[in-house]
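To start, the structure under review is shown below, and the notes come after it.
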């Protein structure tokens, strides 16, 4: 039986699949964790301002309309959310 991680690595080896995945991927568990932490914060606007992330960009991230991995990375660092590999996101490469 293959585990998800093994399947993902095999699929990502195919450039066509990787390209499609990058185009269709909108939100992941890490992004959800960031949003959850941000939404429970009383300093959301101050954090966004400090990190130079616009309200519009954050709203798109929150709605799953457009994930910018560079912004997720900044938010993770600021919020103290540990990640195994910040560049594991296939969309990060195109940033």
**OP:** Output the residues belonging to region 29-38 that are within 15 Å of residue 60 (Cβ to Cβ) and in contact (Cβ under 8 Å) with a residue 12 or more places away in the chain.
**Re:** 31, 34, 35, 38
Original post:
When only residues in region 22-54 that are outside any helix (DSSP H, G or I) and at pLDDT 90 or above count, which is surrounded by the most Cβ atoms within 10 Å (Cβ to Cβ)?
Top reply: 53
Original post:
Name the residues in region 55-80 that are at positive phi and at pLDDT 85 or above, would you?
Top reply: 80
Subject >> Selected residue (criterion: farthest from the chain's Cα centre (by Cα)) from residues of region 55-72 that are surrounded by fewer than 19 Cβ atoms within 10 Å (Cβ to Cβ), in contact (Cβ under 8 Å) with a residue 12 or more places away in the chain and part of a helix (DSSP H, G or I) >> reply: 57
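The values are calculated or read from the model by the stated rules, or taken from the named source; none is laboratory data. If you're wondering where the values come from, they're calculated on a predicted model, not measured in any experiment. Neighbour counts are summed over all protein chains in view; Cβ atoms, including those assigned to glycine, are modelled from backbone coordinates with ideal geometry.
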